[in-house]
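The values are calculated or read from the model by the stated rules, or taken from the named source; none is laboratory data. None of these values were measured; they are calculated from a predicted model. Cβ atoms come from the backbone with ideal geometry, glycine included; neighbour counts cover every protein chain shown. Keep in mind that these areas ignore ligands, DNA and RNA; they rest on the heavy atoms of the full protein, side chains included. Shrake-Rupley method; radii C 1.70, N 1.55, O 1.52, S 1.80 Å.
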Amino acid sequence: MQPDDVPRGLRVAAAYSWRFLVIGAVIYFAIGLLSRLEFVAIALFIGLVITALVGPLVRLLHKVMPRGLAVAIGLFVSILVILGIFTFIGAEVAGQIPTLSGQFRSGIDEIERWLREGPLHWDAARIEQYTNEIRTWITNNQASLAERAIGGAGTIAEGLTALFLALFSAIFFLAGGERIWDWILTLVSRRQRPRVDGAGLVAWGTFAGYTRGIVVVAASNALLVAIGLTILRVPLSVPLALLVFFGSFIPIIGAPIAMIIAAIIALAAQGPLTALGVIVMIALIGQFEGHVLQPLVMAKAVSIHPLAVALSVAAGTVLAGIVGAGIAVPGVSVVYAV
């Protein structure tokens, strides 16, 4: 068979197909390599996040002092602020635990009364049956729960190690990121360096813009949640607002899940009406974030369709769990920008 005997459309499709197969194989092996080096990859990602957030402060300080001293002061101030926030929240939780335990007991009684007298009309025997089933499950799974707790302690130790590695990386990124990038450019040919340099600048600009924008969105969500929960007199309003802050780093699903936890606490501590108020607040804040905050803050940094955001979060969750969900959107945004 001569090449001319093959239809042009088939030749073009075949040419695209083998190229897509090569690209897919490279992506597959890259994901496999990252999964093997997940600990290092997460630490470097956090280091880049720290660099993007602390970088403006370091540049401002560098105008009046040496670069190394500016990096040290910038990181020290940032760590001090974070420790202050967690110290305040810890004191808040410790101060409300005695009151909260009593509210939970009365809240559980309120929920049982609602189950009996509400639209479900559950009788006392049915409620007791479900309660006994829960207690039996906890008794039968004490060993596995203890193993998970021990595994959680190991995860905390790994997290602290990754955090120290991230801080170590951020110090070098902040102190000499330009020199590191110049060294990376020496690995490509002189002809391709301008294009690679331009792509790198675009990638970093997109990543830094997304990081700073999502922090602004998360802080706004947390502030609104704290105000709303305080007005509704829901216990632990500040810690729950912090949970919303961290949840906002996972687009679409993070903040709603955190606020559903707040609704459950409101249901147990204050009753169904307060829980309903929290649910209404969730809907209003979600609309404000989607139609005002995200377009206003993130439009310049990220210009990908909401469907792409949802699919990225879903794919990241399947591949790497909650960590993948948090990394997926900035990763896709950077690739799209480049």
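So if R0 is 22 Å, what FRET efficiency would LEU37 and PHE76 give, r being the distance between their Cβ atoms, rounded to the nearest 0.05?
Working: r = 30 Å, r/R0 = 1.35.
For R0 = 22 Å, the calculated efficiency reads 0.15.
Which semi-axis lengths, in whole Å and largest first, follow from the square roots of five times the eigenvalues of the Cα gyration tensor of the stretch 241-291? Walk me through the intermediate numbers first.
Values: eigenvalues 77, 31, 9 Å².
Equivalent ellipsoid semi-axes, largest first: 20, 12, 7 Å.
Please report, as a whole percent, how much of the solvent-accessible surface of the stretch 179-338 comes from carbon and sulfur atoms (probe radius 1.4 Å). Numbers along the way, then the final one.
Numbers: 6390 of 8580 Å².
Reported share for carbon and sulfur atoms: 74 percent.
Along Cα→Cβ, 7 Å out, is where each label goes; now give me the distance between the ones at LEU160 and LEU296 in nm to one decimal.
4.0 nm
If I model a spin label as a point 7 Å beyond the Cα along the Cα-Cβ vector, how far apart are those points for ILE23 and LEU187 in nm?
Distance between label points: 2.2 nm.
Could you calculate the contour length gain from ILE257 to GLU133, that is, 0.36 nm times the residue separation minus the distance between their Cα atoms, to one decimal place in nm? Intermediate results must be reported in sequence, preceding the final value.
Details: separation 124, 0.36 × 124 = 44.64 nm, distance 2.60 nm.
Length difference between fully extended and current span is 42.0 nm.
Residues in the stretch 195-232 near a label at ILE304, defined as backbone nitrogen under 17 Å from the 7 Å Cα→Cβ point?
In the stretch 195-232, the label zone of ILE304 (backbone N under 17 Å from the point 7 Å along Cα→Cβ) covers 200, 202-215.
³J(HN,Hα) across the stretch 180-186 via Karplus (A = 6.51, B = -1.76, C = 1.60, θ = phi - 60°), whole Hz, x for Gly/Pro?
Values, residue by residue: 4, 5, 4, 5, 4, 5, 5 Hz.
Taking θ as phi - 60°, what are the ³J(HN,Hα) couplings along the stretch 24-38 by the Karplus curve (6.51, -1.76, 1.60), each to the nearest whole Hz, with x for Gly and Pro?
Residue by residue, the stretch 24-38 yields x, 5, 5, 5, 4, 5, 5, 5, x, 5, 5, 5, 5, 10, 4 Hz.
Dividing the alpha-carbon radius of gyration of the stretch 226-320 by 2.2 N^0.38 Å (N being the number of residues), what value is obtained?
For the stretch 226-320, the normalised Cα radius of gyration comes out at 1.18.
For the stretch 179-261, taking Cα atoms only, what is the radius of gyration to one decimal and the Dmax to the nearest whole Å?
Over the stretch 179-261's Cα set, Rg and Dmax evaluate to 20.0, 64 Å.
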